[in-house]
Amino acid sequence: MSTKLPIDVLDDMKRRKNVRKYSLVVLFLLLVNIGMVDSATAVEVRISSPPDGATVSKIIEIGGTSNGILISQSLWICVYPPGVQRYYPQDKRDFPIVMGKNGDWSTRVVLDRDIYTGSEFKLCAVVANEASNKKILEYLNKSKANKSWSGLRQLPDGALIYDKIAVTRI
């Protein structure tokens, strides 16, 4: 006793098989396209002012260019003082980073403590994802509440340095 499937059932099975094939092809093309968009908008951040090696005062204007920073990411400027080996994110609530439509940015940085006069500092342009941005803000809130800024031994996971320069405080 053999059972034969009706022709319309066979046609339906072929159609479903073709739909699966086409769905996989479309999914593959979408994934490839997303990969191309990601690589085409790679994050770039540069510090252009002050120049590397500059001599600066206690409060300085810093600026540069950026490209590809996502809405879910934040730009931070961190000071890395000599001998301390800690990062000090500059609180954007005190000195906001002004972002231009063309990717230019600017802000102020404070190289505090007169004991560092004549010392070389590193200024780092850091891009943080949402989780690391939250950790930086938690550090700043805790520091303000305690009136003590111990710095970060390392940047949180998801926060990457894209550029850094050395400046000497006068």
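The values are calculated or read from the model by the stated rules, or taken from the named source; none is laboratory data. Nothing here was measured: the structure is a model prediction, and the numbers come from that model. Here the Cβ is made from the backbone with ideal geometry for all residues, glycine too, and neighbour counts use every protein chain on show. With ligands, DNA and RNA removed, areas are computed over all heavy atoms of the protein, side chains included. Shrake-Rupley method; radii C 1.70, N 1.55, O 1.52, S 1.80 Å.
In table form, for the structure just shown:
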read-out	value
Residues that are without any contact (Cβ under 8 Å) to a residue 12 or more places away in the chain and closer than 12 Å to residue 89 by Cβ, drawn from the stretch 122-141	137, 138, 141
Failed item in (1) open to solvent by less than 80 Å² (accessible area, probe 1.4 Å); (2) under 17 Å from residue 49 (Cα atoms); (3) not charged (D, E, K, R), with residue 81 passing the rest	(2)
Yes/no for residue 144 being closer than 25 Å to residue 57 by Cβ and either of a type outside the set (Val, Ile, Thr) or at pLDDT 95 or above (or both)	yes
Answer residue from the stretch 134-170, given it is of a type in the set (S, T, N, Q) and outside any strand (DSSP E or B) and is least open to solvent (accessible area, probe 1.4 Å) among those	143
Residues located in the stretch 67-83, provided they are in contact with a Phe, Trp or Tyr (Cβ under 8 Å, 6 or more places away or on another chain) and free of Cβ contacts under 8 Å to residues at least 40 places away in the same chain	82
Selection from the stretch 118-133 of residues that are closer than 15 Å to residue 152 by Cβ, in a strand (DSSP E or B) and open to solvent by 10 Å² or more (accessible area, probe 1.4 Å)	122
The listed residue being at pLDDT below 95, within 16 Å of the chain's Cα centre (by Cα) and in a loop (DSSP other than H, G, I, E, B), out of 92, 101	92
